[in-house]
Amino acid sequence: MKKSVKGLTDFIWKSPTAYHAVDNLRARLLDEGFTELSENENWKLKKGGNYFVTRGGSSIISFKLPKDDYKGFYMIASHSDSPSFKIKENPEIESAGAYVTLNVEKYGGMLCAPWFDRPLSVAGRVIVKKNSKDGAIGFDSKLVDVGRNLVMLPSLAIHMDREANDGHKYNAQKDMLPIFGDEKSKDKFMTLIAKAAGVKEKDIISHDLFLYNRVEPTVWGAADEYVSAGRLDDLECCYGSFEGFIGAENKKNVIMHVVFDNEEVGSTTRQGAASTFLKDTLERISESFSKTKEDYLVSIANSFMVSADNAHAVHPNYVEKADPVNRPQMNKGIVIKYNANQKYTTDAVSGAICKMVCEKAGVPYQTFTNRSDVAGGSTLGNISGTQVALRTVDIGMAQLAMHSPYETAGVQDVDYLIDFSKEFYSSDLQ
């Protein structure tokens, strides 16, 4: 397996939730000598320093400062979350006198059918009590990953639903409740979670827990040209842009790697793209350089964002679903995404800049637009722009089965994204 795609699949396998993805990025940044900052403390930034800050445990912004003054901010933004099923409070449900199922709800817009008949597990975080000598309310957040095949969503046999292959409308409250165990497993779920987190069950106050697919990532195809895994949308962009960021230097600009949470549910959270997280970070960097408000606005005008979120590859069995001419293919390079109604931020200027970066990096590029009679999705670029108005281009890597728990992308595209990202971070735009 190629080193780059092996790095991607390892990252995905170790990142069953957004919390784990950010924690893995945090660990890598510390290994690379970055300094961790906290939003609830004063920042003392030094020119030439490398820093990062997290919010909510599921979003992270890392940045490298030039040794002298800077012109603008160059950033690639992606997201840490993927569609899944979130486990509700009081999760256990007794069923048929024979099972304990878990009460879950949909997070994001997923394809439901692929979740059936495959091993699933549970991961996320638990909030536990923290003793405080002065009587203040205190708590700790603990990551948890059960890390074994734990639950399953069994399909209803064809004998009991003869029309199953003619299409089925799934009811999340009825059809999507996974089996946790037999009747003897009652009241055991939180005990199991506490053990996996290494805490006492009585100390758990609340939790953010999700189902995830336990099928390992794999490389396949006649020439090993495809990679399949859960959460390729958007951990592929997160990983590839991060590798480019780590290897890049820029003497004139602040370069930034930005990962938001909650893109799959609209980004309107404290740690989402619609939050003040990016704006707050930019302003604090500006103040550390003793810049005036006007200086800050000038630097924003000289800045550029690449909004990186995977794109739809043309499907071999549903060619008619694609635009007549803008049909991205896997392993054919960066996908630049356009939409007349600004679901994507790309315009003639930002698209041209992206194409020139690709050419300089020796990376191929292609374009995506939806069919004109099909409404498409949106991503974080235009949402982030409501807080910080930057020149922005929307890109992605071509993939199939978007929002399935097991998606497919191109092996070569991982290298293309790393090369593109490193070139972008090292550039100086006129």
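The values are calculated or read from the model by the stated rules, or taken from the named source; none is laboratory data. The structure displayed is predicted, hence computed values, not measured ones. Please note: Cβ atoms are built from the backbone with ideal geometry, for glycine as well, and neighbour counts cover all protein chains shown.
Of the residues making up segment 390-421, just one is closer than 17 Å to residue 13 by Cα, touching a Pro at 6+ places or on another chain (Cβ under 6 Å) and buried (at least 24 other Cβ atoms within 10 Å of the Cβ), namely 405. Between 275, 288, the distinction of being at pLDDT below 95 and more than 15 Å from residue 81 (Cα to Cα) belongs to 288 only.
Against the condition free of Cβ contacts under 8 Å to residues at least 40 places away in the same chain, closer than 27 Å to residue 425 by Cβ and touching a Ser or Thr at 6+ places or on another chain (Cβ under 7 Å), how does residue 355 come out, does it pass?
On the way: free of Cβ contacts under 8 Å to residues at least 40 places away in the same chain: yes; closer than 27 Å to residue 425 by Cβ: yes; touching a Ser or Thr at 6+ places or on another chain (Cβ under 7 Å): no.
Taking the combined requirement at face value, the residue does not satisfy it.
Candidates are the residues of segment 277-299 that are more than 25 Å from residue 78 (Cα to Cα) and polar (S, T, N, Q); the one that is surrounded by the fewest Cβ atoms within 10 Å (Cβ to Cβ) is 290. Listed by position, the strands (runs of 3 or more DSSP E) contained in segment 352-430 that have at least 2 residues being touching a helix residue (DSSP H, G or I) at 6+ places or on another chain (Cβ under 6 Å) are 391-396, 407-410. Residues in segment 267-310 that are touching a helix residue (DSSP H, G or I) at 6+ places or on another chain (Cβ under 8 Å) and assigned to a helix (DSSP H, G or I): 278, 282, 283, 286, 295, 296, 299, 300.
When the residues of segment 183-193 are narrowed to those that are surrounded by fewer than 20 Cβ atoms within 10 Å (Cβ to Cβ) and in contact with a strand residue (DSSP E or B) (Cβ under 6 Å, 6 or more places away or on another chain), which ends up nearest to residue 147 (Cα to Cα)? So, considering only residues that are surrounded by fewer than 20 Cβ atoms within 10 Å (Cβ to Cβ) and in contact with a strand residue (DSSP E or B) (Cβ under 6 Å, 6 or more places away or on another chain), the one nearest to residue 147 (Cα to Cα) is 185.
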